[in-house]
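Enquirer: Below is the structure I would like to discuss, written out as C-alpha cells.
Any read-out appearing in this document is the output of simple, stated calculations on the displayed coordinates, not a laboratory observation. Predicted model only: the values in this text are computed from it and were never measured. For neighbour counting, all protein chains shown are included, and Cβ atoms are generated from backbone atoms with ideal geometry for every residue, glycine included.
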Number of protein chains: 2
Amino acid sequence: MSFPPPTTLDTSNRSRILNLGAGPSSLPTSVLLQSAQDLLDYKGTGIGLCELSHRSGTFKQILDSAESDLRSLLSIPEDYAVLFTQGGGTEQFSATALNLLAYDAARHGRAPGTLDYAVTGSWSSKAIKEGERMGGRVKAVTDSKKRDGKFGRIAPIEEWELSPASECAMLYYCDNETVDGVEFPSPGLPIHQLPDDYRKNVPIVADCSSNILSRPIDVAAHSLIFFGAQKNVGPPGVTILIARKSLLARHPDESIPFGGPRIPTTLVYKNLADNSSLYNTPPMFSIHVSGLVFRHLIEQGGVKGAEQRSSEKAQLVYSTIDESKGFYEGTTSATSRSRMNVTFRIKGGDDGLEGKFVEFCKERGIEQVKGHRSVGGIRASLYNAISVDDAKRLVEAMREFCGQHSG
Amino acid sequence: MSFPPPTTLDTSNRSRILNLGAGPSSLPTSVLLQSAQDLLDYKGTGIGLCELSHRSGTFKQILDSAESDLRSLLSIPEDYAVLFTQGGGTEQFSATALNLLAYDAARHGRAPGTLDYAVTGSWSSKAIKEGERMGGRVKAVTDSKKRDGKFGRIAPIEEWELSPASECAMLYYCDNETVDGVEFPSPGLPIHQLPDDYRKNVPIVADCSSNILSRPIDVAAHSLIFFGAQKNVGPPGVTILIARKSLLARHPDESIPFGGPRIPTTLVYKNLADNSSLYNTPPMFSIHVSGLVFRHLIEQGGVKGAEQRSSEKAQLVYSTIDESKGFYEGTTSATSRSRMNVTFRIKGGDDGLEGKFVEFCKERGIEQVKGHRSVGGIRASLYNAISVDDAKRLVEAMREFCGQHSG
C-alpha cells in the first residue's frame, strides 16, 4: 500500500488508454468516480458501500433501484423476477441445467426431458458439456464446429434438429460468443421461426453475458436470461438473472424429481427469488456499480442509444476489414458477425504480423486486442463503454498498419 | 448518479460513525482510499482494477501478492493451496460436503462415509442441514441447542459423540458463530484432544468466516479452512479456501464415486486449484481489497497484533457487562464467549430498553448494535477494523446508558 493513500483521484492516464479487452472490460469513468466516493462514504451515512449491512434499508434501495432501472432499460414484464447472484456464467452452466431439469420434471410429472443446446461457439460448447455432467440428457440442435470445422457461422433455425417439444426441458443458446466473435444477427434469435408447439412449450434460456443492453431483447419470449456483469454491465463478481416467475414457482422441493440430484442451495433459483437476492450476502460492490451503469445508460439514451452506437462502431471496424483487400480477414461469416467482439486475422493468419499489430496498437495506447488464446488472431471488443470515437481510433490504427504492411 | 462526479474523496463522516455491524463490516479507511484510486487507474496503467484482464500479468500479481501475504500472516505450509472463489459461506456448506464426500469415497474405495458436524450455533446448523440435503449421511457430534435449548455453550470435546474414524468423511466446525456470539476459546478447537485415530484419519474442516486473522490457527491440523471475506478481510463477494493439496489431488473425476451426484463445476475444488483461482472470472475487486487488508494487517503487527487487540477489546466490553450488576447480561457461557461478536441482553431481555439502547448508541454515532433478528438483544461486533479506542467508545456509551436506566 502506498502511504499516505490518495484522497484526490488521479484519472489522467485513462484518456491515454483505449482498453478493448473482451472482459473484464472498460467502465464509464463517471461511474467509477461515483463508486470510489461511495466506497468511502455512501451518501453521507459515514459508512462505505461495502460496510453497509446487506439487510439495511440503504442497501435495499441500491438493489431496488438497480432492478428498477434494468426493468426500464429492457422492458422486463411484471411476471419476471430480476435476481442478483454470484459465480459467473460458468456457474450458470450448472444452474440452468439443474433448475430447468427440475422444473421440467415437476411440470410434466415424469423424469426430466432433454436439454437442447445451440452450439455456436466456445461458451455454448462449455454449457452443453456441463449440462451433461449435471446428469442431463443433452442434444446439440446445431453445432457449427462439427459442421464447418470451426465456429464462425450460425445455421438458420430451419436447419436445427430440435427435440420433440413434449420431451424437451429447455432450449439454450448463447447470444454472443466472445471467443469466436459470433453473434445472432439483430434483433436476436428469431424465436418466432421455431415450430409452434416447441415455441409454446419449451423454456428458452439465453446466455447474454456479452451483449446484454446492446440491443433490445424480447424478454417475454424467454424463460430465463442470464448474464455476468463484466462486459456491458459492471465489474466481475455479480451474475444477473431475469427469470419468468412461473418457472420459479414450479420448483417444488429444490431437487430434481424422479431420482435426480439435489441442487446446491445457492444455485436454486427459487431460494434467490424467495429472498429477493438476499439469500446470502450478495456481492454488494458489483451490484452497486452495475446499478450506476444502468443509470448512466439511461442518461445516454437507453438500449436504443446503445444499439445505434454498437452498429456504428461495428460497421466502422468491419468495413475497414472488408476494404483492406484481404490484408485483414474476418474470421466470422458475414451473417454471424458479432457487434461486440470483432475477430480477424492478418494476411491469412501471419502470427508474426499479428504480434506486430498488437505492439503497434499498444504504442498508440490501444490495449488488449490479442485474440483469445484458443483461437489466436486479433480481437477488438466494442462493449457499451467504448465510444464511436474510440472505434474510430482503432480504425485509424488499422488503416495505418495496413498501409505500412500490405502489398 | 450525481454530476459532476467527485474526484476528491470526502471521508469526513467516517470518523463520526462507529460501525459495529456483524458483517459486512468496517474496513480500514486507508485500504478504501487505495482501492478507490485503483478503481480508476491501477498503478498508472490507465486501466482500472475491474477493467484489467483477469488473465493479465498485472492481475496475476494482485492474486499472488494477496496469497503470499495471507500465507505469511497465517504461516500456511507449502502443501496447502490458497484459493479464491465466490458464493460465500453458504455455497461452501454445499461444496465442503460434496468435495469431502468425493474425497472420502475415492480415498477408501467405498461409498462415502459420515459427515460429522459440531453444531454450536446458527451457521453450523445450516451447514449440517445442507450436508444432508447434498446426500450426505450426517451426524451432529454435539448440538448445543438440543442440549441447552439455545446456543451459548460449546461442550468440551470429551462429551462429543464422534463417528468411528474409519467411517467418517469429515469433522466440520464453525470457529465463531456470529449470530449467537459463540466462539471456540483461544487458541481454537483443541484438535489434540480428539482421539488419535480420529485426528489422524478424519479431515477437519473449519468455517472461519468471522474470526480468521484474529488469532493464529494451526493450519496443518486442518484439511480445509474457508472464510467469506466480509468480516475480518474485505468486501463481500469473495470466499477464500486454504486446502491441503493432497485433498485436491485425490479427487478423481469431479464426481462422488459409488453413485453419488456430480459436483457443479465451479464448486469442484480441484478445478479452482488446477486453474490457480482463474477457472472462471474471479471477483477481482473483492480479491484486491482483501489483499490490501492483508498488507495493512502485516503493517499492524500481523495476526499476533490482531489477537492482542481482539482480546483487549473483548475484555473491555465483557467486563462492562460483568460489572453492570445484571443490567447487562451476556447471552453466552463464559467459556464460549466470542471475541468477535459480543451478544447481550438488557435487564433480562427488556425489548423496550434494548430499543432505547440502540437509539442511544445511534445518537452517539455507534451503528448496527441491534442483535440478529433470530435471537434479539444487542450485538456489538469487534472485528479487526475496530480499534481498542472504538471499543472504549462503546463501553462509555454502555456505562452512561446503564447509569441512566439501572436501579
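Enquirer: Estimate the FRET efficiency between B:Lys304 and B:His192 by the formula 1/(1 + (r/R0)^6), using the beta-carbon distance for r and 30 Å for R0, to the nearest 0.05.
Expert: Efficiency for this residue pair is about 0.90.
Enquirer: Continuing with the same structure: Given R₀ = 30 Å, what would the calculated FRET efficiency be for A:Glu400 paired with B:Lys60, taking r from the Cβ atoms and rounding to 0.05?
Expert: Values: r = 32 Å, r/R0 = 1.06.
E between A:Glu400 and B:Lys60, to the nearest 0.05, is 0.40.
Enquirer: Another question, then. Taking a cut-off of 13 Å between Cα atoms, list the aspartates and glutamates near A:Lys304, but don't count ones fewer than 8 places away on the same chain.
Expert: Candidates past the 8-residue exclusion: A:Glu312.
Enquirer: Compute the Cα gyration tensor for region B:199-309, then decide on rounded, prolate or oblate, letting a ≥ b ≥ c be the square roots of its eigenvalues: rounded whenever a/c is under 1.5, prolate when a/b is larger than b/c in the other cases, and oblate in all that remain.
Expert: On the way: a/c = 2.66, a/b = 1.52, b/c = 1.75.
It is oblate, given that a/c is not under 1.5 and a/b is not larger than b/c.
Enquirer: Further question on the same structure: Compute the distribution of all C-alpha to C-alpha distances in region A:57-296, in bins of 5 Å from 0, and list the percent of pairs in each, rounded to whole numbers.
Expert: 1, 7, 15, 19, 21, 17, 12, 6, 2, 0, 0
Enquirer: Here's a follow-up. If you stretched the chain out fully between A:Arg137 and A:Asn13, how much longer would it get, using 0.36 nm times the residue separation minus the C-alpha to C-alpha distance?
Expert: Working: separation 124, 0.36 × 124 = 44.64 nm, distance 5.12 nm.
Taking A:Arg137 through A:Asn13 to full extension adds about 39.5 nm, to one decimal.
Enquirer: Moving on to the next point. Any chance you could check the Cα centroid distance between region B:190-228 and region B:1-71 for me, in angstrom?
Expert: Taking the Cα centre of each part, region B:190-228 and region B:1-71 sit 31 Å apart.
Enquirer: Ranking A:Glu67, A:Glu307, B:Glu359 by Cβ neighbours within 10 Å, fewest first, what do you get? Write down the numbers at each step before the final one.
Expert: Values: A:Glu67 21, A:Glu307 18, B:Glu359 10.
Placing the least packed residue first, the sequence is B:Glu359, A:Glu307, A:Glu67.
Enquirer: Near B:Lys347, which aspartates and glutamates are there with a Cα under 17 Å away, not counting those fewer than 8 places off in the same chain?
Expert: Cα-Cα hits under 17 Å: B:Asp322, B:Glu323, B:Glu329, B:Glu359, B:Glu400.
Enquirer: Checking a compactness column here: for the protein assembly as shown, what do you get for Rg(Cα) / (2.2 N^0.38 Å), N being the number of residues? List each step's numbers first, then the result.
Expert: Working: Rg = 27.1 Å, N = 814, 2.2 N^0.38 = 28.1 Å.
Output field value: 0.96.
Enquirer: Highest mean first, what order results for A:45-52, B:309-316, A:183-190 on Cβ atoms within 10 Å?
Expert: On the way: A:45-52: 24.8, B:309-316: 19.1, A:183-190: 17.5.
With the highest mean Cβ count within 10 Å placed first, the list reads A:45-52, B:309-316, A:183-190.
Enquirer: Could you put B:Thr335, B:Thr120 in order, starting from the residue whose Cβ has the fewest other Cβ atoms within 10 Å? Kindly include the intermediate steps, with their values, before the conclusion.
Expert: Numbers: B:Thr335 10, B:Thr120 29.
Ranking B:Thr335, B:Thr120 by Cβ neighbours within 10 Å, fewest first, gives B:Thr335, B:Thr120.
Enquirer: Given A:Lys139/B:Lys60; A:Lys126/B:Lys200; A:Lys150/A:Lys325; A:Lys126/B:Lys43, which pairs have Cα atoms separated by over 28 Å?
Expert: Values: A:Lys139/B:Lys60 37 Å; A:Lys126/B:Lys200 39 Å; A:Lys150/A:Lys325 23 Å; A:Lys126/B:Lys43 35 Å.
The pairs that break the limit, which is 28 Å between Cα atoms, are A:Lys139/B:Lys60; A:Lys126/B:Lys200; A:Lys126/B:Lys43.
Enquirer: Continuing with this model, one more query. Using the Cβ atoms and a cut-off under 12 Å, what net charge is assigned to the surroundings of A:Leu224, where Lys and Arg are +1 and Asp and Glu are -1?
Expert: Working: positive: A:Arg244, A:Lys245; negative: A:Asp207.
After counting each charged neighbour, the total is +1.
Enquirer: Short version: ³J(HN,Hα) in whole Hz for each residue of region B:69-75, in order, from phi by Karplus 6.51 cos²θ - 1.76 cosθ + 1.60 (θ = phi - 60°), x for Gly and Pro, what are they?
Expert: The phi angles translate into 5, 5, 4, 5, 4, 9, 6 Hz.
Enquirer: Under a point spin-label approximation (7 Å from Cα along Cα-to-Cβ), what is the B:Lys43-A:Lys392 distance to one decimal in nm?
Expert: Roughly 3.5 nm, to one decimal.
Enquirer: P(r) tail for chain A, what percent of Cα pairs lie past 32 Å?
Expert: Details: 31401 of 82621 pairs.
Summing the P(r) of chain A above 32 Å gives 38 percent of all pairs.
Enquirer: Which of the GluC sites (Glu not before Pro) found in region A:114-181 are in a DSSP loop and have at most 14 neighbouring Cβ atoms, other than their own, within 10 Å?
Expert: Working: sites: A:Glu130, A:Glu132, A:Glu158, A:Glu159, A:Glu161, A:Glu167, A:Glu177; in loops: A:Glu161.
When the GluC sites (Glu not before Pro) of region A:114-181 are filtered for loop state and at most 14 Cβ neighbours within 10 Å, A:Glu161 remain.
Enquirer: Explain nothing, just the number: relative contact order of chain B, from Cα pairs under 8 Å at least 6 residues apart, as a whole percent. Walk me through the intermediate numbers first.
Expert: Values: 753 pairs, mean separation 87.6, N = 407.
Once divided by the residue count of chain B, the mean separation gives 22 percent.
Enquirer: Other chains' Cβ within 10 Å of B:274-287 residues: what's the mean? Working shown, then result.
Expert: Working: counts 0, 0, 0, 0, 0, 2, 9, 13, 4, 11, 6, 12, 8, 2.
Counting other chains' Cβ atoms within 10 Å and averaging over B:274-287 gives 5.
Enquirer: Across the residues of A:49-61, average count of Cβ atoms on other protein chains within 10 Å?
Expert: Numbers: counts 3, 15, 15, 7, 9, 5, 3, 4, 0, 0, 1, 0, 0.
Per residue, the average neighbour count from other chains is 5.
Enquirer: Here's another thing I want to ask about it. Across peptide B:314-327, how many C-beta atoms of other chains are within 10 Å of each residue C-beta, on average?
Expert: Numbers: counts 0, 0, 0, 0, 0, 0, 0, 0, 0, 0, 0, 0, 0, 0.
Mean partner shielding for this stretch: 0.
Enquirer: Using 0.36 nm per residue, how much length does the chain from A:Asp274 to A:Lys362 gain when fully extended, once their Cα-Cα distance is taken away? Write down the numbers at each step before the final one.
Expert: Details: separation 88, 0.36 × 88 = 31.68 nm, distance 4.81 nm.
In short, 26.9 nm is gained.
Enquirer: Over the Cα atoms of region B:337-402, how large are the radius of gyration and the largest Cα-Cα distance (Dmax), in Å?
Expert: 11.3, 31
Enquirer: Quick one: which residues, 5 or more positions from A:Arg337 or on another chain, have an amide H under 5 Å from its amide H? H modelled 1.01 Å from N in the peptide plane, none for Pro or chain starts.
Expert: For A:Arg337, whose amide H was placed from the backbone, the distant partners under 5 Å are A:Glu183.
Enquirer: Karplus couplings for region B:34-50 from phi (6.51 cos²θ - 1.76 cosθ + 1.60, θ = phi - 60°), rounded to Hz, Gly and Pro as x?
Expert: Per residue, the Karplus-derived 3J(HN,Hα) values read 5, 4, 4, 5, 5, 4, 7, 7, 7, 6, x, 6, x, 10, x, 3, 8 Hz.
Enquirer: Among A:Leu171, A:Leu63, what is the fewest-to-most ranking by other Cβ atoms within 10 Å? Before the final figure, lay out the partial values.
Expert: Working: A:Leu171 28, A:Leu63 20.
Placing the least packed residue first, the sequence is A:Leu63, A:Leu171.
Enquirer: Kindly identify region A:49-94 as rounded, prolate or oblate by the Cα gyration tensor criterion: order the square roots of the eigenvalues as a ≥ b ≥ c, call it rounded if a/c is under 1.5, otherwise compare a/b with b/c, prolate if a/b is larger, else oblate. Don't skip to the answer; put the middle values down first.
Expert: Details: a/c = 2.51, a/b = 1.13, b/c = 2.21.
Oblate, because a/c is 1.5 or more while a/b does not exceed b/c.
Enquirer: 222 nm [θ] for chain A, helices only, -39500 (n - 2.57) per DSSP H run of 4+, per residue, to 500?
Expert: Details: 12 runs with 153 residues, N = 407.
After summing the helix terms and dividing by the residues of chain A, the value is -12000 deg cm²/dmol.
Enquirer: If you count the DSSP beta bridges with both ends in chain A, what percent of them are antiparallel, to the nearest 5?
Expert: On the way: 23 of 42 bridges.
Rounded to the nearest five, the antiparallel share is 55 percent.
Enquirer: Okay, next question. When each copy gets a label point 7 Å from Cα toward the beta-carbon at A:Glu167, what are the spacings between them in nm, shortest first?
Expert: Computed spacing set for this position: 4.4 nm.
Enquirer: Step by step: find N for region B:325-369, compute 2.2 N^0.38 Å, then divide the Cα radius of gyration by it. What's the final number?
Expert: Working: Rg = 11.5 Å, N = 45, 2.2 N^0.38 = 9.3 Å.
Relative to the rule-of-thumb radius for its length, region B:325-369 sits at 1.23.
Enquirer: A further question follows. With an 8 Å cut-off on Cα pairs and a minimum separation of 6 or more residues, tell me the relative contact order of region A:102-252 in percent. Could you put the intermediate results ahead of the total?
Expert: Working: 272 pairs, mean separation 31.0, N = 151.
Reported as a whole number, the value is 21 percent.
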